[in-house]
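Peer 1: One structure, as structure tokens, below. Some questions next.
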Number of protein chains: 2
Amino acid sequence: VDTKNSQFVENELSLLRPADISTVLNEMDTEQAMFVMDLLTVETAAEIISYLDEDVCIPFIRNYPSETIAQWINYIDSDDAADILNELPLQTREEIIAFLDSKEKADYIIDLLHYEEDCAGGLMAKELISANINWTVIQAIDEIRRQAEKVEKIYSLYVVDNQERLLGRVSLKKIILSNDETRIADIYEQGIVAVKTYQDEDEVAEIMRKYDLAAVPVINERGKLMGRITIDDAVDVITEQAEEERQIITGISEDIEEDDNVLMLTRARLPWLIIGMAGGLMGARFIGLFEKDLAILPAMAFFIPLITATGGNVGIQSSSIVLQSLANKSMIGVNYFQRLFKVLIVAIINGVVISVIVFGFTIILGQTVNLAGIVAISLFFVVLLASFMGTITPLVLDKLGINPALAAGPFITTANDLLGLAVYFSTAHMLYSF
Amino acid sequence: VDTKNSQFVENELSLLRPADISTVLNEMDTEQAMFVMDLLTVETAAEIISYLDEDVCIPFIRNYPSETIAQWINYIDSDDAADILNELPLQTREEIIAFLDSKEKADYIIDLLHYEEDCAGGLMAKELISANINWTVIQAIDEIRRQAEKVEKIYSLYVVDNQERLLGRVSLKKIILSNDETRIADIYEQGIVAVKTYQDEDEVAEIMRKYDLAAVPVINERGKLMGRITIDDAVDVITEQAEEERQIITGISEDIEEDDNVLMLTRARLPWLIIGMAGGLMGARFIGLFEKDLAILPAMAFFIPLITATGGNVGIQSSSIVLQSLANKSMIGVNYFQRLFKVLIVAIINGVVISVIVFGFTIILGQTVNLAGIVAISLFFVVLLASFMGTITPLVLDKLGINPALAAGPFITTANDLLGLAVYFSTAHMLYSF
């Protein structure tokens, strides 16, 4: 590419699939990428654009005039097209729509721009094939022929009534195996799964996963067929959810990748480190209150990391188990009291085992029975408290509409550290007052 | 269900989809579930069995004789059937295979039992429709008719030569729009994506995600078409990966859910807590070595949680960013040296910011400039070291074929805690020697 040897590059490109070319382009600088794009047909270029990461795609296509972008959009499905246009300035957006070849495509995109990106309406494409319930198979085949170029992936036809309300579907398999004169009404499948335009993307992905669907129709409140979501979009939602959850749990605040620049990486990490630091300083202040106890029993300091680490580990484990239930929608209908009771039992078992072991080792380490008792008793209560907090926090966050994964993140771990210290030093203080 | 009112339950069931019934059965006890299953047709019962969680399904069906299980297996796709048989004792397995209606199905299942569960061969189903390259469209349609009952979801036909080697595919759309006499050779799509039987399930899922595939053909080393993986199986792989990663990061050692029993919950959590505890005890031992320094400067103890928490947070963040790169297969070809250099820059910036703030606050908290200096300097080095460890550990684990998510889990966090303490107390000791 660097030597601008068009012939060579063109040969290489012809061996690659569009998805692979887009992976390569993701890593190139703008000039190189533009050079490569010029060598491709409009159709291939369009497919590559639709595969590019959004944060690479938008800055890149802004190097081109609206007319060129419109040529690509002609070949891109309405859902991906709307996602791209959504990120462009209003004027560019309208210019592109005006340059589109087909009025229908323009209408599709304008319609999709109304929806939030993270609901079914924002995921769906308008391209689909529908058949009226009163048609025969041959009429449906004519419709497929008419739409074939526009709709790339066809798994089934959606069956609608005269008001375009969704009634069911017919698989292509059935179309092939039926007589031309068979009525759609006689072969279609009723009671199929559909989602509403306003349903959350997480819900849509979960529905497609649960029922093993390759595509799901989207209807509005009145049952009118509005679009179709294909499984590749749901897969992206599932992958993004998992990434988002990992970022939240590990304390990263933006969607960053290792190859982002230093400033972005720092910005995504620093806020969480500062929260942890603030917690640490509060911890320092708190331990300072017990300076006198420490002076009497300096060995108490030895066990500070044990107390805070155990509290953190227990809290994160507890939250993780609740996150799992929330993700799988299991435990619905099980009340809070039952859940907490079970958590309590598990915590008591874990707490007792750990406390007994720690008691033993503390004495082996040469500390007094007194200190070993303090450490073991406070550890037991730390396990109990952290289990409780770790269980209740994600449930409360979820009820408030906040991502419950936050409960396994650094904010709550920091809170658990402080709680652990409070238990430890209070226990010590009380036991020593006697 | 409890009152065994068959008529009522039957009515209710007829309103539900199999996937929903299986959700309900997951929560029932064995007797209730068997009562419900008796009310259903064999076909519906079979579909429900295939939807059940494995850990519920296997104990449940072992209540039935092999003959009944075989009747269900008749209706279950070969991939799910093989997964179920894999978990049954050898004798039951062979009995069931002997009871199957179709010799073909039996052969399919026996073939699939050879593959490991977590490779492409273990994911694929044998049910698919293939067309010889020399056929015409009408011959292909006859083949679809012949296989229609066995193959539920058909998106396209795989085109093979006389040795059954995969050449390409024809979409059903093309079949519908082509003349009966058209030769498959003239309309099929070449150079399609396929996976090898031995490829890892993670790779398969990533390939299907990258190329937006609803199904992918599986071939053996010689290019022979062996089976087909549909996207719903890849979605399950992606979901399981995400769950597994969360469990590893949060320190849970088995695939457990909140509704598992107390013993299982404890067993899954205790090992990690004990690792954390062991780390804590080693930390206690370590701090004990510096008892004299602590006696001179007891306020040093105040900042122990700050040091350990910061080390933990930085380490987890660093690992998380590497995990993201590994998952997206980005940064391939970027060498370790470049990666670490960038990590170093980010760590220096984060380290300087945090150290300066902590220095200021430590003085505000009323500590000496001396102590504030010790805390700030060691914090800076802790950030550096934890960044380095957090980056290098997942890369090394990945190279060793171990799940790199372990690097963001409690084991490494515990190691980072100890490292932090070492840096803190050594710095203090050195600075005080002067």
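The values are calculated or read from the model by the stated rules, or taken from the named source; none is laboratory data. A quick note: this is a predicted structure, and the numbers were derived from the prediction, not measured. Neighbour counts run over all protein chains shown; Cβ positions are idealised from the backbone, glycine included.
Peer 1: Based on this model, can you work out whether A:Tyr211 counts as in contact (Cβ under 8 Å) with a residue 24 or more places away in the chain and among the hydroxyl-bearing types (Ser, Thr, Tyr)? So that I can check it myself, show each step before the final result.
Peer 2: Values: in contact (Cβ under 8 Å) with a residue 24 or more places away in the chain: no; among the hydroxyl-bearing types (Ser, Thr, Tyr): yes.
No; evaluated as a whole, the condition is false for this residue.
Peer 1: Would it be correct to say that B:Gly251 is more than 9 Å from every other protein chain (Cβ to nearest Cβ) and buried (at least 20 other Cβ atoms within 10 Å of the Cβ)?
Peer 2: Details: more than 9 Å from every other protein chain (Cβ to nearest Cβ): no; buried (at least 20 other Cβ atoms within 10 Å of the Cβ): yes.
No, not satisfied.
Peer 1: A further question follows. Hey, does the stretch A:159-168 have a residue that's in contact (Cβ under 8 Å) with a residue 12 or more places away in the chain, buried (at least 23 other Cβ atoms within 10 Å of the Cβ) and either outside the structural domain of A:Asp53 (by TED's automatic domain parsing) or over 28 Å from A:Leu113 (Cβ atoms) (or both)?
Peer 2: So in the stretch A:159-168, the residues in contact (Cβ under 8 Å) with a residue 12 or more places away in the chain come out as A:159-168.
Next, from what is left, pick out any that are buried (at least 23 other Cβ atoms within 10 Å of the Cβ): A:159.
Okay, now just the ones that are also either outside the structural domain of A:Asp53 (by TED's automatic domain parsing) or over 28 Å from A:Leu113 (Cβ atoms) (or both), so A:159.
The answer is yes; a qualifying residue exists.
Peer 1: Only one of (1) more than 20 Å from B:Val322 (Cα to Cα); (2) in a helix (DSSP H, G or I); (3) at the interface with another protein chain (Cβ under 7 Å from one of its Cβ atoms) fails for A:Asp212. Which number is that?
Peer 2: Exception for A:Asp212: condition (2).
Peer 1: Exactly one condition in (1) crowded, with 19+ Cβ neighbours inside 10 Å; (2) more than 24 Å from A:Ala120 (Cα to Cα) is not met by A:Ile97; state its number.
Peer 2: Condition not satisfied by A:Ile97: (2).
Peer 1: Can A:Ala242 be described as over 30 Å from A:Ala131 (Cβ atoms), more than 7 Å from chain B (Cβ to nearest Cβ) and part of a helix (DSSP H, G or I)? Full working, then the answer.
Peer 2: Working: over 30 Å from A:Ala131 (Cβ atoms): yes; more than 7 Å from chain B (Cβ to nearest Cβ): no; part of a helix (DSSP H, G or I): yes.
So A:Ala242 does not fit the description; no.
Peer 1: Given the criterion at pLDDT 85 or above and crowded, with 24+ Cβ neighbours inside 10 Å, identify the matching residue among A:Ala372, A:Ala415, A:Ala386, A:Ala408. Even if it seems obvious, please write down each step before you answer.
Peer 2: On the way: A:Ala372 fails: crowded, with 24+ Cβ neighbours inside 10 Å; A:Ala415 fails: crowded, with 24+ Cβ neighbours inside 10 Å; A:Ala408 fails: at pLDDT 85 or above.
Matching residue, one of A:Ala372, A:Ala415, A:Ala386, A:Ala408: A:Ala386.
A quick yes/no check of all residues on (1) acidic (Asp, Glu); (2) surrounded by fewer than 17 Cβ atoms within 10 Å (Cβ to Cβ); (3) assigned to a helix (DSSP H, G or I):
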| site | (1), (2), (3) |
| --- | --- |
| B:Glu12 | yes, yes, yes |
| B:Ile49 | no, no, yes |
| B:Thr68 | no, yes, yes |
| B:Tyr75 | no, no, no |
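Peer 1: For the stretch B:394-404, enumerate the residues that are surrounded by fewer than 24 Cβ atoms within 10 Å (Cβ to Cβ) and either touching a residue at least 60 places away in the same chain (Cβ under 8 Å) or aromatic (Phe, Trp, Tyr) (or both). Step through it out loud before you land on a result.
Peer 2: Here is the first cut: in the stretch B:394-404, the residues surrounded by fewer than 24 Cβ atoms within 10 Å (Cβ to Cβ) are B:395-404.
Across the stretch B:394-404, the qualifying residues are B:Leu395, B:Asp398, B:Asn403, B:Pro404.
Peer 1: If we scan the stretch B:356-364, do we find a residue that is more than 7 Å from every other protein chain (Cβ to nearest Cβ) and closer than 30 Å to B:Arg209 by Cα? Outline the logic, then answer.
Peer 2: Of the stretch B:356-364, the ones more than 7 Å from every other protein chain (Cβ to nearest Cβ) are B:356, B:359-360, B:362-364.
With closer than 30 Å to B:Arg209 by Cα added as a condition, the list becomes none.
Checked the stretch B:356-364: no residue is more than 7 Å from every other protein chain (Cβ to nearest Cβ) and closer than 30 Å to B:Arg209 by Cα.
Peer 1: Looking at the stretch A:257-346, what helices (runs of 4 or more DSSP H) fall wholly within it and have at least 2 residues that are crowded, with 24+ Cβ neighbours inside 10 Å and facing another protein chain (nearest Cβ under 7 Å)?
Peer 2: Numbers: elements: A:262-289, A:291-296, A:304-328.
In the stretch A:257-346, A:262-289, A:304-328 are the helices (runs of 4 or more DSSP H) which contain 2 or more residues that are crowded, with 24+ Cβ neighbours inside 10 Å and facing another protein chain (nearest Cβ under 7 Å).
Peer 1: Related question: What residue, among those in the stretch A:374-418 that are away from chain B (no Cβ under 13 Å) and outside any helix (DSSP H, G or I), is nearest to B:Asn313 (Cα to Cα)?
Peer 2: Among those residues, the one meeting the criterion is A:Asn403.
Results for (1) buried (at least 22 other Cβ atoms within 10 Å of the Cβ); (2) within 12 Å of chain B (Cβ to nearest Cβ); (3) in contact with a Cys (Cβ under 8 Å, 6 or more places away or on another chain), shown as yes or no for each residue.
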site: A:Asn179; (1), (2), (3): no, no, no
site: A:Ile187; (1), (2), (3): no, no, no
site: A:Val195; (1), (2), (3): yes, no, no
site: A:Arg228; (1), (2), (3): yes, no, no
site: A:Ala234; (1), (2), (3): yes, yes, no
